[in-house]
Amino acid sequence: MTAKVPPKSSGGLTRSQVMARVKSTDTAPEMTVRRALHAAGLRYRLHLKNLPGRPDVVLSSRRVALFVHGCFWHSHAGCRRARMPSTRQDYWGPKLARNQERDFTNEHALRNAGWNVLVVWECQTKDAEIMHRTVQSIFELPIQNALRSRKHRCGSSR
Ligand SMILES: [Zn+2]
């Protein structure tokens, strides 16, 4: 496996090339999100296997599970990148529906366990304004006490 980040545009890829990318973890959209979080001073962990759906980014201190979803694979509603292929629709239809169902189940399980679930769509990672708003929305969430006392205590009482 190479660590190369694929080129920004996926327009030139064949379907099988796109498919080969689906399981990869360090995709360009993911890297964009991580960079934005890092630049804002937020610390995170990646791909926590013990959480439903294995969220791409986890910010434990704000109890945020963040997914960076490919528009095609996760059927971004109304997005041109999520257009159904013109061939083999009997294959893609059920496959994409299953993905969507899995996303729904995972997000539901995470929310039930007290997580704030954020989804950043692939197409949104190209929009600086949306990225900015996403990062800001994380700052508006309360810091979890247990972690705050351990990590961010400046004026400690002892
Ligand atoms: Zn999209």
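Coordinate-derived values only; no laboratory data. Remember, it's a predicted structure, so these values are computed and weren't measured experimentally. We place every Cβ from the backbone using ideal geometry, glycine too, and count neighbours over all the protein chains shown.
Could you derive backbone 3J(HN,Hα) for segment 36-51 from the dihedral phi with the Karplus parameters 6.51, -1.76 and 1.60 (θ = phi - 60°), listing whole Hz in sequence and x where the residue is Gly or Pro?
Karplus values, whole Hz, x for Gly and Pro: 5, 5, 4, 4, 7, x, 7, 10, 8, 10, 10, 6, 5, 5, 7, 9.
Karplus couplings for segment 74-83 from phi (6.51 cos²θ - 1.76 cosθ + 1.60, θ = phi - 60°), rounded to Hz, Gly and Pro as x?
Rounded to whole hertz, the list is 10, 6, 5, 4, x, 8, 5, 6, 9, 4.
Could you give the size of the charge dipole of segment 47-115 about its Cα centre, using +1 on the Cβ of each K and R and -1 on the Cβ of each D and E, expressed in debye and rounded to the nearest 20?
That gives a dipole near 120 debye.
What is the sum of charges around Arg133, taking Lys and Arg as +1, Asp and Glu as -1, for the other residues whose C-beta is under 13 Å from the C-beta of Arg133?
Its environment carries a net charge of -3.
Could you compute the net charge surrounding Tyr44? Neighbours are other residues with a C-beta less than 10 Å from the C-beta of Tyr44; K and R count +1, D and E count -1.
Result for the local shell: +3.
Quick one: what are the phi-derived ³J(HN,Hα) couplings along segment 53-62, Karplus 6.51/-1.76/1.60 with θ = phi - 60°, whole Hz, x for glycine and proline?
Result, rounded to whole Hz: x, 6, x, 5, 9, 10, 10, 4, 5, 10.
Can you tell me the order of 122-131, 108-117, 56-65, 78-87 when each peptide is scored by its average per-residue count of other Cβ atoms within 10 angstrom, highest first?
Sorting 122-131, 108-117, 56-65, 78-87 by mean packing, highest first, produces 56-65, 122-131, 108-117, 78-87.
Once amide H atoms are built 1.01 Å from N in the peptide plane, which residues 5 or more positions from His69, or in another chain, come under 5 Å H to H?
Val120, Trp121, Glu122
Calculate the all-directions average of the projected area of segment 47-115's alpha-carbon convex hull, and give it in nm².
5.2 nm²
Taking 0.36 nm per residue of separation and subtracting the Cα-Cα distance, what length does fully extending Thr87 through Glu101 add?
Additional length available on full extension: 2.8 nm.
Under the 0.36 nm per residue contour assumption, what length would be gained going from the current alpha-carbon distance of Met31 and Ile143 to full extension?
Gain on extension, Met31 to Ile143, equals 37.9 nm.
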